[in-house]
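Trainee: Can you keep this structure in mind? I'll have questions shortly.
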Amino acid sequence: MYSEIVQFIRETFRTPEGFIPLHEPRFTGNEKKYVLDTIDSTFVSSVGAYVNKFEEMVCQITGAKHAIAVVNGTAALHMAMLLAGVEPGDEVITQPLTFAATVNAIKHAYGIPHFVDVDRDTMGMSPARLEERLASIAEIRDGICYNKETGRRIIACVPMHTFGLPLRIDEIAAICKKYQIKLVEDAAESLGAFYKGKHTGRFGIMGTLSLNGNKTVTSGGGGAIFTDDDQLGLRAKHLTTTAKVPHPWAFIHDEVGYNYRMPNLNAALACAQLEQLDKFVDNKRELADIYTGFFKKQGIPFVREIKDARANYWLMTILLPDSEQRDAFLKYTNDNKVMTRPAWQLASTLPMYKDCPAGDLSTAIQLEQQIVNIPSSVRIKP
Ligand SMILES: Cc1ncc(COP(=O)(O)O)c(C=O)c1O
(Lines give C-alpha, C1' and ligand atoms only; values in the text may rest on other atoms or scores of the structure.)
Protein backbone atom coordinates (compact mmCIF):
# COMPACT_ATOMS: atom_id res chain seq x y z
CA MET A 1 0.00 0.00 0.00
CA TYR A 2 2.84 2.43 0.85
CA SER A 3 4.48 1.69 -2.51
CA GLU A 4 1.21 2.53 -4.27
CA ILE A 5 1.16 5.88 -2.46
CA VAL A 6 4.77 6.66 -3.41
CA GLN A 7 4.01 5.75 -7.01
CA PHE A 8 0.90 7.95 -7.03
CA ILE A 9 2.79 10.94 -5.61
CA ARG A 10 5.56 10.44 -8.20
CA GLU A 11 2.98 10.37 -11.02
CA THR A 12 1.16 13.41 -9.63
CA PHE A 13 4.39 15.43 -9.52
CA ARG A 14 5.57 13.97 -12.84
CA THR A 15 8.81 12.95 -11.11
CA PRO A 16 9.40 9.26 -11.88
CA GLU A 17 12.64 9.26 -9.89
CA GLY A 18 14.68 11.55 -7.65
CA PHE A 19 13.75 13.57 -4.60
CA ILE A 20 10.29 15.09 -4.14
CA PRO A 21 10.37 17.81 -1.47
CA LEU A 22 7.55 18.64 0.90
CA HIS A 23 7.21 22.17 -0.42
CA GLU A 24 9.48 24.01 -2.80
CA PRO A 25 9.09 27.56 -4.13
CA ARG A 26 8.11 28.29 -7.73
CA PHE A 27 9.69 31.28 -9.46
CA THR A 28 7.53 31.43 -12.56
CA GLY A 29 6.81 35.16 -12.84
CA ASN A 30 8.63 38.49 -12.54
CA GLU A 31 11.00 37.40 -9.76
CA LYS A 32 14.29 37.94 -11.61
CA LYS A 33 13.14 41.20 -13.20
CA TYR A 34 12.05 42.77 -9.90
CA VAL A 35 15.11 41.60 -7.93
CA LEU A 36 17.41 42.99 -10.65
CA ASP A 37 15.46 46.27 -10.52
CA THR A 38 16.41 46.71 -6.88
CA ILE A 39 20.09 46.11 -7.68
CA ASP A 40 19.99 48.58 -10.58
CA SER A 41 18.29 51.14 -8.37
CA THR A 42 20.81 50.54 -5.51
CA PHE A 43 17.82 50.45 -3.12
CA VAL A 44 18.39 46.95 -1.78
CA SER A 45 17.88 47.67 1.90
CA SER A 46 14.92 48.65 4.04
CA VAL A 47 13.73 51.63 1.99
CA GLY A 48 12.44 51.21 -1.53
CA ALA A 49 9.52 51.10 -3.90
CA TYR A 50 8.99 47.33 -3.61
CA VAL A 51 8.52 47.51 0.17
CA ASN A 52 5.67 49.96 -0.37
CA LYS A 53 4.28 47.93 -3.25
CA PHE A 54 4.42 44.74 -1.16
CA GLU A 55 2.47 46.43 1.63
CA GLU A 56 -0.16 47.64 -0.82
CA MET A 57 -0.48 44.14 -2.25
CA VAL A 58 -0.93 42.60 1.20
CA CYS A 59 -3.69 45.15 1.91
CA GLN A 60 -5.35 44.31 -1.38
CA ILE A 61 -5.19 40.54 -0.86
CA THR A 62 -6.26 40.50 2.78
CA GLY A 63 -8.62 43.49 2.64
CA ALA A 64 -6.79 45.02 5.63
CA LYS A 65 -6.34 48.79 5.89
CA HIS A 66 -2.65 48.66 6.85
CA ALA A 67 0.17 46.21 6.20
CA ILE A 68 3.70 46.50 7.56
CA ALA A 69 6.49 44.51 5.90
CA VAL A 70 8.92 42.90 8.33
CA VAL A 71 11.95 40.59 8.23
CA ASN A 72 10.10 37.38 9.07
CA GLY A 73 6.97 35.91 10.59
CA THR A 74 8.56 35.55 14.01
CA ALA A 75 9.36 39.28 14.14
CA ALA A 76 5.78 40.00 13.01
CA LEU A 77 4.44 37.93 15.91
CA HIS A 78 6.83 39.51 18.41
CA MET A 79 5.73 42.96 17.32
CA ALA A 80 2.07 41.92 17.47
CA MET A 81 2.55 40.74 21.06
CA LEU A 82 4.08 44.09 22.05
CA LEU A 83 1.32 46.00 20.27
CA ALA A 84 -1.36 43.87 21.91
CA GLY A 85 0.04 45.15 25.20
CA VAL A 86 1.69 41.98 26.48
CA GLU A 87 3.83 42.87 29.49
CA PRO A 88 6.22 40.66 31.47
CA GLY A 89 4.27 37.96 33.31
CA ASP A 90 1.04 38.30 31.28
CA GLU A 91 -0.52 35.11 29.97
CA VAL A 92 -1.20 34.65 26.27
CA ILE A 93 -3.42 31.81 25.09
CA THR A 94 -2.24 29.77 22.15
CA GLN A 95 -2.50 26.24 20.76
CA PRO A 96 0.01 23.42 21.40
CA LEU A 97 -0.08 22.23 17.79
CA THR A 98 1.90 24.98 16.10
CA PHE A 99 5.39 25.85 14.93
CA ALA A 100 7.64 26.92 17.83
CA ALA A 101 7.75 30.54 16.58
CA THR A 102 4.14 31.21 17.66
CA VAL A 103 5.02 30.35 21.24
CA ASN A 104 8.54 31.80 21.15
CA ALA A 105 7.11 35.20 20.19
CA ILE A 106 5.02 35.21 23.38
CA LYS A 107 8.24 34.57 25.33
CA HIS A 108 10.11 37.24 23.37
CA ALA A 109 7.59 39.70 24.83
CA TYR A 110 8.19 38.10 28.29
CA GLY A 111 4.67 36.66 28.29
CA ILE A 112 3.65 33.21 29.52
CA PRO A 113 2.05 30.84 27.00
CA HIS A 114 -1.18 29.19 28.11
CA PHE A 115 -2.20 26.23 25.95
CA VAL A 116 -5.75 25.47 24.78
CA ASP A 117 -6.61 22.42 22.67
CA VAL A 118 -7.37 22.28 18.95
CA ASP A 119 -10.35 20.91 17.01
CA ARG A 120 -9.76 17.65 15.20
CA ASP A 121 -11.12 18.81 11.85
CA THR A 122 -9.34 22.18 11.58
CA MET A 123 -6.26 21.24 13.65
CA GLY A 124 -6.51 24.84 14.90
CA MET A 125 -7.67 26.30 18.22
CA SER A 126 -11.02 24.93 19.38
CA PRO A 127 -13.68 27.50 20.34
CA ALA A 128 -15.41 24.90 22.54
CA ARG A 129 -12.19 24.18 24.43
CA LEU A 130 -11.36 27.88 24.74
CA GLU A 131 -14.79 28.68 26.16
CA GLU A 132 -14.59 25.73 28.55
CA ARG A 133 -11.13 26.72 29.77
CA LEU A 134 -11.99 30.39 30.28
CA ALA A 135 -15.24 29.51 32.04
CA SER A 136 -13.23 27.55 34.59
CA ILE A 137 -10.23 29.84 35.14
CA ALA A 138 -11.04 33.38 34.01
CA GLU A 139 -12.49 36.33 35.85
CA ILE A 140 -12.89 39.87 34.63
CA ARG A 141 -11.98 42.72 36.94
CA ASP A 142 -12.05 46.36 35.83
CA GLY A 143 -12.36 45.25 32.22
CA ILE A 144 -9.25 43.02 32.39
CA CYS A 145 -9.26 39.25 32.22
CA TYR A 146 -7.35 37.42 34.97
CA ASN A 147 -6.47 33.79 35.47
CA LYS A 148 -7.96 33.02 38.91
CA GLU A 149 -5.50 30.17 39.39
CA THR A 150 -2.31 32.12 38.73
CA GLY A 151 -3.44 35.68 39.45
CA ARG A 152 -1.93 36.77 36.15
CA ARG A 153 -3.58 38.87 33.44
CA ILE A 154 -4.69 37.04 30.29
CA ILE A 155 -4.00 39.69 27.70
CA ALA A 156 -4.07 38.05 24.32
CA CYS A 157 -4.99 34.94 22.38
CA VAL A 158 -2.99 33.71 19.35
CA PRO A 159 -4.66 30.94 17.36
CA MET A 160 -2.92 29.61 14.26
CA HIS A 161 -4.52 28.46 10.99
CA THR A 162 -2.69 25.15 10.79
CA PHE A 163 -1.21 24.22 7.41
CA GLY A 164 -3.40 26.87 5.76
CA LEU A 165 -6.73 25.39 6.91
CA PRO A 166 -8.91 28.12 8.42
CA LEU A 167 -10.07 27.43 11.98
CA ARG A 168 -13.42 28.58 13.46
CA ILE A 169 -12.04 32.04 13.95
CA ASP A 170 -15.34 33.93 14.17
CA GLU A 171 -16.28 31.88 17.24
CA ILE A 172 -12.83 32.40 18.78
CA ALA A 173 -13.22 36.16 18.15
CA ALA A 174 -16.60 36.22 19.93
CA ILE A 175 -15.16 34.43 22.98
CA CYS A 176 -12.15 36.76 23.12
CA LYS A 177 -14.49 39.74 22.95
CA LYS A 178 -16.61 38.37 25.79
CA TYR A 179 -13.51 37.93 27.98
CA GLN A 180 -11.83 41.21 26.92
CA ILE A 181 -8.87 39.32 25.44
CA LYS A 182 -7.08 40.74 22.40
CA LEU A 183 -7.09 38.43 19.40
CA VAL A 184 -3.97 38.20 17.21
CA GLU A 185 -4.03 35.58 14.45
CA ASP A 186 -0.91 33.76 13.38
CA ALA A 187 -1.71 33.55 9.67
CA ALA A 188 1.89 32.60 8.79
CA GLU A 189 0.67 29.53 6.92
CA SER A 190 -2.63 30.85 5.60
CA LEU A 191 -1.95 33.65 3.12
CA GLY A 192 -4.71 33.35 0.51
CA ALA A 193 -7.00 31.38 2.88
CA PHE A 194 -10.40 32.73 3.84
CA TYR A 195 -13.13 31.97 6.37
CA LYS A 196 -16.71 33.05 5.66
CA GLY A 197 -15.37 35.21 2.83
CA LYS A 198 -12.89 37.12 5.03
CA HIS A 199 -9.14 36.63 4.86
CA THR A 200 -7.61 34.75 7.79
CA GLY A 201 -5.84 37.15 10.14
CA ARG A 202 -8.60 39.76 9.91
CA PHE A 203 -10.87 38.63 12.74
CA GLY A 204 -8.94 40.22 15.62
CA ILE A 205 -6.80 43.29 16.14
CA MET A 206 -3.94 42.05 13.96
CA GLY A 207 -2.81 39.22 11.73
CA THR A 208 0.73 38.12 10.94
CA LEU A 209 2.25 36.45 7.88
CA SER A 210 5.43 34.58 7.04
CA LEU A 211 7.04 34.55 3.59
CA ASN A 212 9.69 32.02 4.50
CA GLY A 213 11.04 29.88 1.66
CA ASN A 214 8.80 26.96 2.60
CA LYS A 215 5.54 28.95 2.39
CA THR A 216 2.99 29.23 -0.45
CA VAL A 217 4.75 32.39 -1.63
CA THR A 218 8.16 33.54 -0.47
CA SER A 219 10.41 36.57 -0.21
CA GLY A 220 13.37 34.40 0.80
CA GLY A 221 12.76 35.53 4.36
CA GLY A 222 10.01 37.93 5.29
CA GLY A 223 6.75 38.57 7.01
CA ALA A 224 4.03 41.13 7.54
CA ILE A 225 1.64 42.48 10.11
CA PHE A 226 -1.78 43.58 8.94
CA THR A 227 -4.50 45.47 10.75
CA ASP A 228 -7.49 47.75 10.27
CA ASP A 229 -6.52 49.86 13.27
CA ASP A 230 -4.85 53.15 12.26
CA GLN A 231 -3.03 53.56 15.57
CA LEU A 232 -1.68 50.00 15.59
CA GLY A 233 -0.62 50.34 11.96
CA LEU A 234 1.34 53.52 12.68
CA ARG A 235 2.92 52.06 15.83
CA ALA A 236 3.90 48.87 14.01
CA LYS A 237 5.67 50.81 11.29
CA HIS A 238 7.41 53.09 13.80
CA LEU A 239 8.62 50.33 16.11
CA THR A 240 9.81 48.09 13.26
CA THR A 241 11.89 50.92 11.80
CA THR A 242 13.93 51.41 15.02
CA ALA A 243 11.45 54.06 16.22
CA LYS A 244 13.13 56.68 14.05
CA VAL A 245 11.26 59.96 13.92
CA PRO A 246 10.70 60.78 10.22
CA HIS A 247 12.98 63.68 9.26
CA PRO A 248 14.93 64.52 6.07
CA TRP A 249 18.33 64.34 7.80
CA ALA A 250 18.15 64.19 11.61
CA PHE A 251 18.57 60.85 13.38
CA ILE A 252 16.22 60.87 16.34
CA HIS A 253 14.67 57.79 17.94
CA ASP A 254 11.93 58.37 20.48
CA GLU A 255 11.67 54.90 22.08
CA VAL A 256 13.31 51.48 22.06
CA GLY A 257 12.74 50.26 18.51
CA TYR A 258 13.43 47.15 16.46
CA ASN A 259 15.27 46.73 13.18
CA TYR A 260 12.52 44.52 11.75
CA ARG A 261 11.87 46.22 8.40
CA MET A 262 11.85 43.97 5.30
CA PRO A 263 14.64 44.83 2.81
CA ASN A 264 13.61 46.04 -0.65
CA LEU A 265 15.52 43.11 -2.20
CA ASN A 266 13.22 40.63 -0.43
CA ALA A 267 10.15 42.77 -1.09
CA ALA A 268 10.90 42.62 -4.84
CA LEU A 269 10.79 38.83 -4.72
CA ALA A 270 7.63 38.98 -2.59
CA CYS A 271 5.83 41.26 -5.07
CA ALA A 272 6.57 38.92 -7.97
CA GLN A 273 5.35 35.99 -5.90
CA LEU A 274 2.18 37.72 -4.70
CA GLU A 275 1.24 38.42 -8.32
CA GLN A 276 0.93 34.63 -8.66
CA LEU A 277 -0.79 33.88 -5.34
CA ASP A 278 -4.22 33.14 -6.83
CA LYS A 279 -2.71 30.89 -9.47
CA PHE A 280 -0.66 29.04 -6.84
CA VAL A 281 -3.61 28.57 -4.48
CA ASP A 282 -5.85 27.33 -7.30
CA ASN A 283 -3.16 24.86 -8.28
CA LYS A 284 -2.78 23.63 -4.69
CA ARG A 285 -6.54 23.30 -4.28
CA GLU A 286 -6.60 21.16 -7.42
CA LEU A 287 -3.87 18.97 -5.90
CA ALA A 288 -5.91 18.70 -2.67
CA ASP A 289 -8.84 17.37 -4.73
CA ILE A 290 -6.61 14.86 -6.49
CA TYR A 291 -5.24 13.64 -3.15
CA THR A 292 -8.75 13.51 -1.63
CA GLY A 293 -9.95 11.11 -4.34
CA PHE A 294 -6.85 8.94 -4.13
CA PHE A 295 -6.67 8.63 -0.33
CA LYS A 296 -10.40 7.93 -0.13
CA LYS A 297 -9.77 4.80 -2.16
CA GLN A 298 -6.88 3.92 0.18
CA GLY A 299 -9.11 4.36 3.26
CA ILE A 300 -6.76 7.05 4.65
CA PRO A 301 -8.31 10.35 5.82
CA PHE A 302 -7.03 13.41 3.93
CA VAL A 303 -7.72 16.58 5.94
CA ARG A 304 -10.09 18.91 4.08
CA GLU A 305 -11.21 22.47 4.83
CA ILE A 306 -14.35 22.85 6.96
CA LYS A 307 -17.61 24.36 5.70
CA ASP A 308 -17.35 28.11 4.92
CA ALA A 309 -13.55 27.88 4.72
CA ARG A 310 -11.39 28.33 1.65
CA ALA A 311 -8.00 26.82 2.52
CA ASN A 312 -4.78 27.54 0.68
CA TYR A 313 -3.72 23.94 1.42
CA TRP A 314 -0.19 25.05 2.22
CA LEU A 315 0.86 21.66 3.60
CA MET A 316 -1.46 18.78 2.87
CA THR A 317 -2.15 16.30 5.61
CA ILE A 318 -3.19 12.69 5.96
CA LEU A 319 -4.01 11.00 9.25
CA LEU A 320 -2.61 7.55 9.95
CA PRO A 321 -4.19 5.35 12.62
CA ASP A 322 -1.41 5.61 15.22
CA SER A 323 2.23 6.64 15.76
CA GLU A 324 3.55 3.20 14.84
CA GLN A 325 1.92 3.24 11.41
CA ARG A 326 2.84 6.90 11.01
CA ASP A 327 6.51 6.14 11.65
CA ALA A 328 6.48 3.18 9.26
CA PHE A 329 4.97 5.43 6.59
CA LEU A 330 7.48 8.24 7.25
CA LYS A 331 10.35 5.77 6.97
CA TYR A 332 9.10 4.15 3.77
CA THR A 333 8.36 7.41 1.96
CA ASN A 334 11.55 9.22 3.02
CA ASP A 335 13.66 6.13 2.20
CA ASN A 336 12.09 6.32 -1.25
CA LYS A 337 12.94 10.02 -1.64
CA VAL A 338 9.38 11.24 -1.24
CA MET A 339 9.58 13.74 1.59
CA THR A 340 6.95 13.45 4.28
CA ARG A 341 6.95 14.88 7.78
CA PRO A 342 5.22 14.37 11.13
CA ALA A 343 3.53 17.20 13.04
CA TRP A 344 5.68 19.48 15.18
CA GLN A 345 6.27 18.07 18.63
CA LEU A 346 3.54 19.73 20.69
CA ALA A 347 4.85 23.06 22.03
CA SER A 348 3.33 22.20 25.41
CA THR A 349 5.79 19.31 25.74
CA LEU A 350 8.95 21.19 24.69
CA PRO A 351 11.43 21.64 27.57
CA MET A 352 10.97 25.42 27.75
CA TYR A 353 7.15 25.28 27.73
CA LYS A 354 6.27 22.05 29.52
CA ASP A 355 5.42 23.81 32.80
CA CYS A 356 3.18 26.47 31.24
CA PRO A 357 -0.52 26.53 32.13
CA ALA A 358 -2.71 24.37 29.91
CA GLY A 359 -6.21 22.97 29.56
CA ASP A 360 -7.04 19.44 28.47
CA LEU A 361 -4.99 18.89 25.31
CA SER A 362 -6.24 15.43 24.37
CA THR A 363 -7.14 16.24 20.74
CA ALA A 364 -3.73 17.76 20.00
CA ILE A 365 -2.03 14.81 21.70
CA GLN A 366 -3.96 12.38 19.51
CA LEU A 367 -3.42 14.37 16.31
CA GLU A 368 0.32 14.59 16.96
CA GLN A 369 0.47 10.79 16.72
CA GLN A 370 -1.40 10.72 13.43
CA ILE A 371 -0.46 13.73 11.28
CA VAL A 372 1.72 13.27 8.23
CA ASN A 373 2.37 16.09 5.77
CA ILE A 374 2.84 14.96 2.20
CA PRO A 375 4.38 16.74 -0.83
CA SER A 376 2.35 19.90 -1.41
CA SER A 377 4.27 22.11 -3.85
CA VAL A 378 2.57 24.05 -6.61
CA ARG A 379 2.72 21.83 -9.71
CA ILE A 380 3.68 24.55 -12.16
CA LYS A 381 7.18 24.35 -13.57
CA PRO A 382 9.11 27.41 -14.82
C1 LIG B 1 2.71 28.95 12.31
C2 LIG B 1 3.97 29.72 12.08
N3 LIG B 1 4.20 30.80 12.82
C4 LIG B 1 5.30 31.53 12.65
C5 LIG B 1 6.23 31.19 11.70
C6 LIG B 1 7.47 32.00 11.65
O7 LIG B 1 7.74 32.56 10.45
P8 LIG B 1 9.26 32.87 10.02
O9 LIG B 1 9.92 31.57 9.73
O10 LIG B 1 9.07 33.72 8.81
O11 LIG B 1 9.90 33.61 11.15
C12 LIG B 1 6.01 30.08 10.87
C13 LIG B 1 6.90 29.62 9.79
O14 LIG B 1 7.99 29.66 9.58
C15 LIG B 1 4.86 29.31 11.10
O16 LIG B 1 4.61 28.20 10.36
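The values are calculated or read from the model by the stated rules, or taken from the named source; none is laboratory data. None of the values given here were measured: they were computed from a predicted structure. Note that we place each Cβ from the backbone using ideal geometry, even for glycine, and neighbour counts take in every protein chain shown. Note: areas computed on protein heavy atoms with side chains; ligands, DNA, RNA excluded. Shrake-Rupley method; radii C 1.70, N 1.55, O 1.52, S 1.80 Å.
Trainee: From the helices alone, meaning DSSP H stretches of at least four residues, give me the mean residue ellipticity at 222 nm for the chain, per-run term -39500 (n - 2.57), in deg cm²/dmol to the nearest 500.
Mentor: -11500 deg cm²/dmol
Trainee: Write down Rg/Rh for region 93-244, rounded to two decimals, with Rg from the C-alpha atoms and Rh from the Kirkwood relation over Cα pairs.
Mentor: 0.96
Trainee: Roughly speaking, to the nearest percent, how much of the chain's 1.4 Å accessible area is carbon and sulfur?
Mentor: Of the solvent-accessible surface of the chain, carbon and sulfur hold 54 percent.
Trainee: Return one whole number: the accessible area per residue of region 31-274 in Å², for a 1.4 Å probe.
Mentor: Spelled out: the 1.4 Å probe surface of region 31-274, per residue, equals 38 Å².
Trainee: Could you order D278, D308, D90 so the one with the most accessible surface comes first? Probe is 1.4 Å.
Mentor: D278, D308, D90
Trainee: Over the C-alpha atoms of the chain, what are the Rg and the largest Cα-to-Cα span, Dmax, in Å?
Mentor: Calculated on Cα positions, Rg and Dmax stand at 20.9, 68 Å.
Trainee: Using a Gaussian network model on the chain with a 10 Å cutoff between Cα atoms, which of T28, T216, T150 fluctuates the most?
Mentor: Comparing T28, T216, T150 in the GNM, the peak value goes to T150.
Trainee: Structure shown: which of K177/K284; K65/K307; K177/K215; K196/K284; K177/K198; K279/K307 lie over 24 Å apart, alpha-carbon to alpha-carbon?
Mentor: In this structure, K177/K284; K65/K307; K177/K215 exceed 24 Å between Cα atoms.
Trainee: Assign unit charges at the C-beta atoms only (+1 for Lys and Arg, -1 for Asp and Glu), then state the dipole size of region 224-382 relative to its Cα centre in Debye, rounded to the nearest 20.
Mentor: With Lys and Arg at +1 and Asp and Glu at -1, about 640 debye.
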